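*Asks:* Please see the structure below; I have some questions.
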Amino acid sequence: MNKKFMLLSVFVCTVLTYAKFDEKVIKLEESVITTDNFESSIKETGANITVITSEEIEEKGAQNLVDVVRMAPGVIVSHYYDSIRFDVRGAGSPVHAEKNTIVTLDGIPIKGDQITNIPIASIERVEVVPGGGGILYGDGAIGGIVNIRLKKIDSFAEGKNYSGYITGSASSHESNKFGIGVNTKITEKVATSVGYNSSLKRSDKRGDEYGDIFSKRKNFVLSTKYNLNSGEIDLRYTRDEKKYAKDGDVSEDIYESDSKNPGNISRGESYSNDYHLGYRYDLSNKTQLYSYLGFYEKKFETHNPKKGEIKHEDDQEKIYGKVQVKHNYTESDYFMLGTDLTKEIATPQKEKKLDDSTKDSYGIFLMNENKRGKFTFLQGIRYNKAEYNYYFRNREPIPTEKWSIKNKTTYEDYSYTLETRYNYNDSGVVYGKLSRDFRTPLISEMRYTVNAEKLNPQTQDTVEFGIKDYLNDTYISLSTFYKMTRDEIYYSGEEYSNFPYYNIGDTERYGVELFAERYFGKLTLNTSVTYIYHKIKESKFESLEGKEVPFIPNWKLGFGARYEFTSKIVGNMDVIYYGNYFDSDDPTNIRKKDQGDYATVDLSLSYNPIVDLTVTGRVNNIFDEKYATYVGYWDNTRQYNRGDGRIYTVEATYKF
């Protein structure tokens with residue numbers, strides 16, 4: 001399978017490069033905000049950026065962010081139980097990937113469990129930036145950035161005072177989705193948006209005497225924008241409610257023989273509130289101010305219908321804010337100065353006698369860009385301080401004498417970037433950069449370490465070179481990188497079945513990412529190739545040195561085709577292959593490297609009977625390929641969580 005897809009990708013790249021056609025899509029001019037929170041273009045950024053637009057999302061009938069992002073080079077996105085995880089450039093297994101990759105909503109970092117709350121119909125575009133982001137976003141930008149941009153609420157056609165959408169879908173296993181959004185112009189300066197979305201996803205696995213396996217969500221969003229003479233104010237409130245019953249892991253013999261077995265089913269429900277205030281203002285024609293302030297809270301409980309118990313888990317709260325100023329001191333040169341803060345609070349429910357565990361982060365950063373002829377030079381530096389107040393968990397392997405003992409820890413760290421771009425012609429740019437990024441431990445990691453040892457922050461040095469251009473009217477984006485990560489934070493699963501955290505040592509990764517796209521009349525072909533070599537280079541544990549980092553395939557290959565049958569009917573096909581990897585909890589590589597090595601094929605067909613109506617049929621994993629989203633080891637056997645099989649979906653979206 002591996003060799004076949006390698007040959008296919010090489011062939012497609014060759015064809016894309018040398019075939020002839022008359023049409024051309026200028027991807028280099030796509031606008032992005034991921035790199036500095038202000039508008040720029042792909043060409044003006046030293047990164048292998050992938051942009052997925054709302055038109056592409058709608059045309060393919062994407063049901064979630066996995067469907068949206070899975071073709072992007074350098075990224076492995078997957079369903080992890082009832083959430084979505086992004087592994088960017090080998091950031092790690094689904095357990096660790098979200099800690100090493102920052103996901104933002106309109107440039108604002110969000111927590112992992114907020115990702116699934118975002119209605120697909122409200123997304124304007126998704127920007128994927130492998131590598132970088134450490135200056136602007138700071139803590140956690142080890143792998144890269146995935147930025148989700150929402151549709152503007154004041155973008156009305158001339159003469160219209162309102163717009164919106166209604167969308168609904170039905171999928172196999174009695175799953176469904178419904179959404180409605182309405183934007184209204186109240187005055188020439190004030191516009192508001194109201195959205196409601198609900199979804200029900202049922203698993204094809206068996207339930208139990210207490211019901212099916214499902215995830216039921218309700219989402220409500222209220223936004224208001226006030227246009228100033230030289231800026232704007234944004235207010236947004238989001239309410240999300242979820243009730244679920246999710247499957248557990250099953251032993252290897254069950255995984256191989258009974259695909260409908262759910263293992264132990266866990267149940268629960270949660271709700272969250274997110275309040276956000278944003279402010280943009282042009283202080284002058286050369287100086288721009290951008291700032292935001294927000295508050296997020298989540299309450300979560302688990303249900304045990306057999307015992308009739310409801311257990312309240314730790315409440316979560318986050319207070320966050322940022323202020324940054326961009327000043328153009330010449331026509332082409334600028335500097336940007338900013339500061340941000342985040343306070344995270346975990347309120348214990350099981351151990352109510354304990355105080356909150358908190359993490360307070362403060363950062364200050366500076367970026368400067370100069371253009372000299374065809375050269376552009378970018379420099380950036382950030383200082384960050386993180387202060388923790390926390391209690392160790394009352395659970396082994398934490399020594400009993402440290403149970404419920406309060407601890408204080410402070411980390412100070414920095415990141416920097418040096419970047420050079422050279423525009424060698426009107427369409428082509430080459431770039432090189434050197435950067436340092438870091439991530440400090442989460443509160444949950446600090447509270448549960450091997451023998452209560454103190455975790456060190458994780459730091460990473462990266463060297464990257466890349467090129468973006470049109471060759472014979474084919475868009476090509478190619479990058480190669482080397483990353484040295486020190487004190488990588490992982491969990492121990494071999495000796496301790498409860499998975500406490502520790503620093504596995506220094507790891508290295510190097511790789512190549514290629515994306516190419518070309519039109520042949522009504523046919524569009526694209527291909528992506530990602531290769532990542534990775535190993536644990538040095539560790540205080542001899543058994544780890546020289547071993548591969550678990551759950552990271554060396555190869556990810558993608559092939560996409562789009563065909564315009566008529567002006568109203570368009571078909572799409574995406575084929576993605578993932579290479580082998582070791583189990584998630586096997587950093588010593590003692591078990592076989594026989595996970596992965598599978599391919600999935602997705603098909604979609606969209607029909608536009610009228611301009612504002614799109615009807616889409618979609619089949620995910622059409623050949624019902626078997627794979628696991630998680631593989632671990634306990635009870636003397638491998639444990640698996642099976643990924644989604646074949647899913648049929650029909651969706652209709654009407655815009656007004």
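Bear in mind these aren't lab numbers, they're just calculated from the coordinates by the rules spelled out. Predicted model, so just to flag it, every value in this text is computed and none were measured. Counting neighbours? That spans all protein chains shown, and the Cβs are built from the backbone with ideal geometry, glycine included.
*Asks:* Once the convex hull of the alpha carbons of the stretch 333-392 is built, what does its volume come to per residue, in cubic angstrom? All intermediate terms of the calculation are to be shown ahead of the outcome.
*Replies:* On the way: hull volume 5.4 nm³, N = 60.
Expressed per residue, the convex hull around the Cα atoms of the stretch 333-392 is 91 Å³.
*Asks:* Any chance you could check the Cα centroid distance between the stretch 383-438 and the stretch 171-215 for me, in angstrom?
*Replies:* So the separation of the two Cα centres works out to 35 Å.
*Asks:* If you wrap a convex hull around the alpha carbons of the stretch 205-357, what volume per residue comes out, as a whole number of Å³?
*Replies:* Working: hull volume 29.8 nm³, N = 153.
Output value, Cα hull per residue: 195 Å³.
*Asks:* Using Stokes-Einstein with the Kirkwood hydrodynamic radius over Cα pairs, what translational diffusion coefficient do you get for the stretch 158-230 at 20 °C and a viscosity of 1.002 mPa s, in µm²/s rounded to a whole number? Please report the intermediate quantities before stating the final value.
*Replies:* Values: Rh = 14.9 Å.
So the translational diffusion coefficient is about 143 µm²/s.
*Asks:* Residue separation times 0.36 nm, minus the C-alpha to C-alpha distance between Ser284 and Lys111: what's the value?
*Replies:* Details: separation 173, 0.36 × 173 = 62.28 nm, distance 3.44 nm.
Between Ser284 and Lys111, full extension yields an extra 58.8 nm.
*Asks:* Translational D (Stokes-Einstein, µm²/s) of the stretch 396-533 at 10 °C and 1.306 mPa s when Rh comes from the Kirkwood sum over C-alpha pairs?
*Replies:* Values: Rh = 18.6 Å.
After rounding, the answer is 86 µm²/s.
*Asks:* Taking 56 Å as R0, compute the FRET efficiency from the Cβ-Cβ separation of Thr409 and Asp624 and round it to 0.05.
*Replies:* Working: r = 48 Å, r/R0 = 0.86.
Once rounded, the FRET efficiency stands at 0.70.
*Asks:* Say R0 is 45 Å: what FRET efficiency, to the nearest 0.05, do Lys306 and Met484 get from their beta-carbon distance? It would help to have the intermediate numbers written out before the result.
*Replies:* On the way: r = 49 Å, r/R0 = 1.09.
E(calc), rounded to 0.05, equals 0.35.
*Asks:* A further question follows. Given that compact globular proteins tend to follow 2.2 N^0.38 Å, what is the ratio of the alpha-carbon Rg of the stretch 511-555 to that value? Don't skip to the answer; put the middle values down first.
*Replies:* On the way: Rg = 17.8 Å, N = 45, 2.2 N^0.38 = 9.3 Å.
That ratio works out to 1.91.
*Asks:* Also: Magnitude of the Cβ-charge dipole of the chain, K/R +1 and D/E -1, about the Cα centre, nearest 20 debye? Working shown, then result.
*Replies:* Details: 88 positive and 97 negative charges, 134 e Å.
Roughly 640 debye, rounded to the nearest 20.
*Asks:* What is the packing order of peptides 572-584, 464-476, taking the mean over residues of other C-beta atoms within 10 Å and listing the highest first? Before the final figure, lay out the partial values.
*Replies:* On the way: 572-584: 21.4, 464-476: 18.8.
My ranking of the peptides, most packed first, is 572-584, 464-476.
*Asks:* Right, next: I need the trypsin sites (Lys or Arg not before Pro) found in the stretch 401-459, filtered to DSSP loop residues with at most 12 other beta carbons within 10 Å of theirs. Kindly include the intermediate steps, with their values, before the conclusion.
*Replies:* Values: sites: Lys402, Lys406, Lys408, Arg421, Lys433, Arg436, Arg439, Arg447, Lys454; in loops: Arg447, Lys454.
Within the stretch 401-459, the qualifying trypsin sites (Lys or Arg not before Pro) (loop, at most 12 other Cβ atoms within 10 Å) are Lys454.
*Asks:* Going through the cross-link list Lys343/Lys547; Lys99/Lys286; Lys177/Lys205; Lys242/Lys593; Lys298/Lys322, which pairs have a Cα-Cα distance over 26 Å in this structure?
*Replies:* Details: Lys343/Lys547 37 Å; Lys99/Lys286 36 Å; Lys177/Lys205 20 Å; Lys242/Lys593 36 Å; Lys298/Lys322 21 Å.
Correct reply: Lys343/Lys547; Lys99/Lys286; Lys242/Lys593.
*Asks:* Please give, to one decimal in nm, the separation of the simple spin-label points placed at Tyr329 and Asn456, each 7 Å out from Cα toward the Cβ.
*Replies:* Label-label distance for Tyr329 and Asn456, simple model: 3.7 nm.
*Asks:* Mind jotting down the distance between the C-alpha centroids of the stretch 597-656 and the stretch 528-565, whole Å?
*Replies:* Computed from Cα coordinates, the inter-centre distance equals 22 Å.
*Asks:* Where does the charge balance sit around Gly560 when Lys and Arg score +1, Asp and Glu -1, over other residues with C-beta under 13 Å from its C-beta? Spell out each step's value before the answer.
*Replies:* Working: positive: Lys60, Arg70, Arg518, Arg562; negative: Glu56, Glu59, Asp67, Glu517, Asp574, Asp602.
Around Gly560, the charge tally is -2.
*Asks:* Mind checking the log10 I(q)/I(0) for the stretch 476-537 at q = 0.12, 0.17 Å⁻¹? Debye, one equal scatterer per Cα, no solvent, two decimals.
*Replies:* -0.52, -0.72
*Asks:* Based on the mean of other Cβ atoms within 10 Å per residue, sort peptides 221-232, 88-99, 375-386 so the most packed one is first. The partial results should precede the final answer.
*Replies:* Values: 221-232: 15.6, 88-99: 25.0, 375-386: 18.6.
Ranked by mean Cβ neighbours within 10 Å, highest first: 88-99, 375-386, 221-232.
*Asks:* Right, next: What residues from the stretch 238-273 fall in the zone where the backbone N is under 14 Å from a label point 7 Å along the Cα-to-C-beta line of Asp208?
*Replies:* Taking a point 7 Å out along Cα→Cβ of Asp208, the residues of the stretch 238-273 whose backbone N falls under 14 Å are 245-250, 261-268.
*Asks:* Please report, in Å, the Rg and the Dmax of the stretch 387-463, where both are computed over Cα atoms only.
*Replies:* For the stretch 387-463, the Cα-based Rg and Dmax read 20.3, 67 Å.
*Asks:* What's the long-distance tail for the stretch 118-277, i.e. % of Cα pairs beyond 26 Å? Spell out each step's value before the answer.
*Replies:* Working: 6289 of 12720 pairs.
Of the Cα pairs, 49 percent sit more than 26 Å apart.
*Asks:* Another question, if that's okay. Give me the aspartates and glutamates in straight-line cross-link reach of Lys540: C-alpha distance below 17 Å, same-chain residues under 8 apart excluded.
*Replies:* Partners found: Glu453, Asp487, Glu488, Glu494, Glu495, Asp506, Glu508, Glu548, Asp586.
*Asks:* When the helices in the chain are scored as -39500 (n - 2.57) per DSSP H run of 4 or longer and the sum is shared across all residues, what 222 nm value do you end up with, to the nearest 500 deg cm²/dmol? Walk me through the numbers before you get to the answer.
*Replies:* Values: 6 runs with 46 residues, N = 656.
Helix-only estimate at 222 nm: -2000 deg cm²/dmol.
*Asks:* Let me ask something else. Just report the Cα centroid separation between the stretch 86-132 and the stretch 237-311, whole Å.
*Replies:* 13 Å
*Asks:* Let me ask something else about it. Roughly how many nanometres apart are two label points built 7 Å out from the Cα toward the Cβ at Phe656 and Ser83?
*Replies:* Between Phe656 and Ser83, the label points sit 3.8 nm apart.
*Asks:* Which whole-number percentage describes the relative contact order of the stretch 383-517, with Cα contacts under 8 Å and a sequence gap of 6 or more? Each step should come with its number before you reach the end.
*Replies:* Details: 305 pairs, mean separation 26.7, N = 135.
Relative contact order of the stretch 383-517: 20 percent.
*Asks:* Stick to Cα atoms and the Kirkwood definition of Rh, then tell me Rg/Rh for the stretch 70-177. Before the final figure, lay out each step's value.
*Replies:* Working: Rg = 16.1 Å, Rh = 15.5 Å.
A ratio of 1.04.
*Asks:* Can you list the residues of the stretch 396-438 with backbone N under 18 Å from a point 7 Å past the Cα of Leu471, pointing along Cα to Cβ?
*Replies:* Zone members listed by number: 422-432.
*Asks:* Can you tell me how much longer the chain between Lys343 and Lys537 gets when fully stretched, taken as 0.36 nm per residue apart minus their C-alpha distance, in nm with one decimal?
*Replies:* On the way: separation 194, 0.36 × 194 = 69.84 nm, distance 3.42 nm.
Difference between extended and current length: 66.4 nm.
*Asks:* What is the distance, in nm, between label points placed 7 Å from the Cα along the Cα-to-Cβ direction at Glu545 and at Glu188?
*Replies:* 7.3 nm
*Asks:* Calculate the FRET efficiency for Val512 and Arg372 from the Cβ-Cβ distance with a Förster distance of 30 Å, rounded to the nearest 0.05. If you can, show how the numbers build up before the last one.
*Replies:* Numbers: r = 30 Å, r/R0 = 0.98.
Once the sixth-power term is evaluated, E becomes 0.50.
*Asks:* Another question, then. Counting only C-alpha contacts under 8 Å and six or more residues apart, can you give the relative contact order of the stretch 542-656 as a whole percent? The partial results should precede the final answer.
*Replies:* On the way: 248 pairs, mean separation 24.1, N = 115.
Computed over the stretch 542-656, the figure is 21 percent.
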